Structure formats: C-alpha cells, structure tokens
Amino acid sequence: MNKAQELHDLGQSLWLDNITREILDNGTLRRYINEFSVTGLTSNPT
C-alpha cells in the first residue's frame, strides 16, 4: 500500500492544486485518481 492510499484509508483527502487541460485530456488526472487517491481539484488563477 502506498502512502497516498494510507492517508485515504485514514479519512484524509489529497487535492491537486494545478488542474490543466492537458492533464484532463491525456489521462494524467485519471492516473492520479487511481494511483494516488486524489479526491479533490482546485485551480487558483492569479
């Protein structure tokens, strides 16, 4: 079990703070969800 899964099992949520069109289109986001249990996304444009 990886550290991200351990955090998820403890009720913690991993968020990605750098959403881009590229990670949506190329499957990277899906991989992050599957492999790292990412459960939240945010974008903070300045």
If we keep only residues of region 4-17 that are more than 8 Å from the chain's Cα centre (by Cα) and surrounded by 10 or more Cβ atoms within 10 Å (Cβ to Cβ), then the residue modelled with the highest pLDDT is 12
| said: Any residue at all in region 7-28 that's touching a helix residue (DSSP H, G or I) at 6+ places or on another chain (Cβ under 8 Å) and at positive phi? | reply: no
Note on region 1-17: residues free of Cβ contacts under 8 Å to residues at least 24 places away in the same chain and outside any loop (DSSP other than H, G, I, E, B) are 3, 6, 9
Filtering region 18-29 for residues that are part of a helix (DSSP H, G or I) and surrounded by 11 or more Cβ atoms within 10 Å (Cβ to Cβ) leaves a count of 4
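The values are calculated or read from the model by the stated rules, or taken from the named source; none is laboratory data. Just so it is clear, the structure is predicted and the values come from calculations on it, not from any experiment. With ideal geometry, Cβ positions are generated from the backbone for all residues, glycine too; neighbour counts draw on all protein chains shown.
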